[in-house]
Structure formats: C-alpha cells, structure tokens
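Enquirer: If you scroll down you'll find the structure; I have some questions about it.
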Amino acid sequence: MNIFIIGGTGLMGPSLVRELEEEGHCATCYNRRGVHPRGGDSVKGDRNDDKSLRSAIRDLNPDVVIDMIPYTEEQAIALGRILNESSSRLIACSSVDVYRAYNIIHRLEDPPYQPCPIKESDELRSTLGADGKEYDKLNVERQYLSLDNDVTIFRLPAIYGWPDQRRVKSYVDQIKKAGVVKMHPDEAQWRCSRALNENCAYAISLGLDQSGKSVYNVGERYSFTEAEWCRKTGEILGWDGKIELDENLDCGGDAKQDWIVETQLIRDDLGYHEKYDCDEGLRKSVAKYIESEQFTSVDTSEPCG
C-alpha cells in the first residue's frame, strides 16, 4: 500500500514507519522538516497549510492517510475537506483523554467517578480538556468520524519509551539525587493505562485494512499504580529505597479517579498484543535519559539510598 503519514518523526513515528516498511508498504512522511526516519520518501510542509497538504495528498493519492498529530478541530476539518476529494482511508491518533475520567482528574467535571476500565463506548467528557482548543482530541474525533471515508481511531494512553522522558524523569532524578521519592498518598495509589511507544506504533499499523468506522483503546493489560511504576523504574537503577508519602504535597489532580481503559476490543478485532517487551523498553528509556543532557544537568552529587 501507499501510505501518507502526517508527522512520522516523533515518539511513535519512526517505529510506525519501520512496522509499515517491514510489511512491504511504501510510507511517505509529511512534516515541517521533510524528514523520513528511515531515509525514504518525504515531503516538506506544514499540516496547517491547506494548499501544501492538499497538493501532497493529491500527488501521492495514498491508500491510507495516517494522521499522527491531529491536535485541533480546525486541523481535522481541513484534512477532512481534502479527504472528501479522495477515497483514502484515514487512521488517526487520538487519546484516552477523551473520556470523562480525564476531566474529573483535572477537576473540570465533578464526580461521580467514571468506572474503570473504560470501554470505547463509555461516556466521553462533555467539555474541552485541560489544554483547551490547542489540544482537542474530542472534537478531532467527532470531525473525523463524520467523514464519508473509512476511519479508524486509536485512543492512546500514557506513552513511554525513548525519546519520551516525562514518564521516567521525576523518579530517576529523585532517586539519583536523594535516594528517596516523595509523593502524595493518593497519587501513590493512582492507576493509569500506559503503553510502550513501539507497541503503540504496532497497534496503529494493524488498522490499514479496516473499513467503516472503528475506535480502539490501546494500553497494556495491567495498569500500574504510580508507586509500582516508581518501583519498576527504581529496580532498573538498582534502587530499593523509600517512597515517602506526604499529604502536604500537591497531588496534581483528583487521584480518586483512575484512568484505566479496556483494551480487549483491539485484541479481539485486530489481533493486537504486546509485540515488544515492555520491561526492556522501560529499561532503554531510563538508560537513554541518564545519558542525555537533560539528566546530566541534574545535581546528582548525593549518593543513592
């Protein structure tokens, strides 16, 4: 198949391109730098430039368009107009932040709490999320699902794996600097769905042949608490120290609302499984972060406990 990828250079893009090309597909990447992570075909352009994007899609006439970076409703409307001129199928990367649980966590909607695990058919949030219109997956989904084209949407969880640093930075820094990790008791027990970036890319690659409209949650079968995730990170560093619970710390949201999604549908429909080892992915992420300039700027003079 000829596949047109909007993005393709970020957290999941290189892994997705590898998955597609190893299956014999031709993947063309469209991004502002005109970069293809494996040296293949690319087009330089801004996805917010309708004329450039329309020209690139028209010239390639792809079987499938994969939108890796649909952030706003306006972007979805613009791409929708272009796709209405073609028969290309659309795959779009969304987020599990479309569910009501996300807004409860951020105190934008009031309890009752949304039961977990959350299925694809469960209640979505009723308002914009914490980032407002600048990151609006809810209305992106609505626009894409209204198209006449075949559309498959993947709702992705908290993604880890290099080059991401957010999922390991706080714990690695605390462990290396002071040998102790501090967190609010409610945060320690909070659970959310996570997935390795390579496995998310694999999930997306499974949607090429989907017809009609489909929405899938992506995530690992087991959702770790923050304390468990901290421990997993610490084990990689040879740390078996103390997690200090402090009620005076900012919990960062309503941690009584877990954020766990049910992933049986994608496993049943598309045969999804964790193709890549999650523990190994986390280990590599921690190692790469320690090697990075961001980590070397952290004061690590105090010994690890």
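Enquirer: In percent, how large is the relative contact order of the chain, given Cα pairs closer than 8 Å and 6 or more residues apart? Don't skip to the answer; put the middle values down first.
Expert: Working: 587 pairs, mean separation 61.2, N = 305.
Relative contact order comes out at 20 percent.
Enquirer: In degrees, nearest 10, range 0 to 90: what is the angle between the Cα axis of helix 13-22 and the longest Cα principal axis of the chain?
Expert: With rounding to tens, the tilt is 60 degrees.
Enquirer: So what is the 222 nm mean residue ellipticity for the chain from helices alone, if each DSSP H run of at least 4 adds -39500 (n - 2.57) and you divide by all residues, rounding to the nearest 500 deg cm²/dmol?
Expert: -10500 deg cm²/dmol
Enquirer: Quick check on the stretch 178-259: take the gyration tensor over C-alpha atoms, sort the square-rooted eigenvalues as a ≥ b ≥ c, and tell me if it's rounded (a/c under 1.5), prolate or oblate. Provide the component values of the computation, followed by the final result.
Expert: Working: a/c = 4.31, a/b = 1.94, b/c = 2.21.
In terms of gyration-tensor shape, oblate.
Enquirer: Could you work out how far helix 226-236 tilts from the main Cα principal axis of the chain, as a 0 to 90 degree angle to the nearest 10?
Expert: Taking Cα atoms only, the helix is inclined about 80 degrees.
Enquirer: Please work out how much length the chain gains when fully extended from residue 2 to residue 280, using 0.36 nm per residue of separation minus the C-alpha to C-alpha distance, in nm with one decimal.
Expert: Details: separation 278, 0.36 × 278 = 100.08 nm, distance 3.19 nm.
So the chain would gain 96.9 nm between residue 2 and residue 280.
Enquirer: At a Förster radius of 22 Å, what calculated FRET efficiency corresponds to the Cβ-Cβ distance of residue 228 and residue 249, to the nearest 0.05?
Expert: 0.75
Enquirer: Further question on the same structure: Expressed as a fraction of 2.2 N^0.38 Å, the rule-of-thumb size for a compact globular protein of N residues, what is the C-alpha radius of gyration of the chain?
Expert: 1.04
Enquirer: Follow-up question, since we're still on this one. How would 113, 71, 272 line up from fewest to most surrounding beta-carbon atoms within 10 angstrom?
Expert: Details: 113 14, 71 17, 272 21.
Listed from fewest to most nearby Cβ atoms, that is 113, 71, 272.
Enquirer: Can you say what percent of the DSSP beta bridges in the stretch 112-259, counting only those with both residues inside, are antiparallel? Round to 5.
Expert: Antiparallel: roughly 5 percent of the beta bridges in the stretch 112-259.
Enquirer: Cut-off is 10 Å between beta-carbons; in what order do 54, 33 appear when sorted fewest neighbours first?
Expert: On the way: 54 17, 33 10.
Ranked by crowding around the Cβ, least crowded first: 33, 54.
Enquirer: Here is a follow-up. Points 7 angstrom from Cα along the Cβ direction at residue 287 and residue 127: gap in nanometres?
Expert: Taking the two extended label points, one gets 4.6 nm.
Enquirer: Listed highest first by mean packing, meaning other Cβ atoms within 10 Å per residue, what order do 221-231, 202-212, 245-255 come in?
Expert: Peptide ranking by packing, descending: 202-212, 221-231, 245-255.
Enquirer: Right, next: Obtain the nm distance between the two label points defined at residue 256 and residue 81 by a simple spin-label model: each point lies 7 Å from its Cα along the Cα-to-C-beta direction.
Expert: Each label point is offset 7 Å from its Cα along the Cβ direction, giving 4.6 nm.
Enquirer: Take every DSSP beta bridge with both residues inside the stretch 34-189 and express the antiparallel ones as a percent of the total, to the nearest 5. List each step's numbers first, then the result.
Expert: Values: 1 of 11 bridges.
If we restrict to bridges inside the stretch 34-189, about 10 percent are antiparallel.
Laboratory data are not the source of any read-out in this text; all were calculated from the coordinates shown. Just so we're clear, the structure is a prediction, and the values are computed from it rather than from any experiment. Don't worry about glycine lacking a Cβ; one is built from the backbone with ideal geometry, like all the others, and counts go over all protein chains shown.
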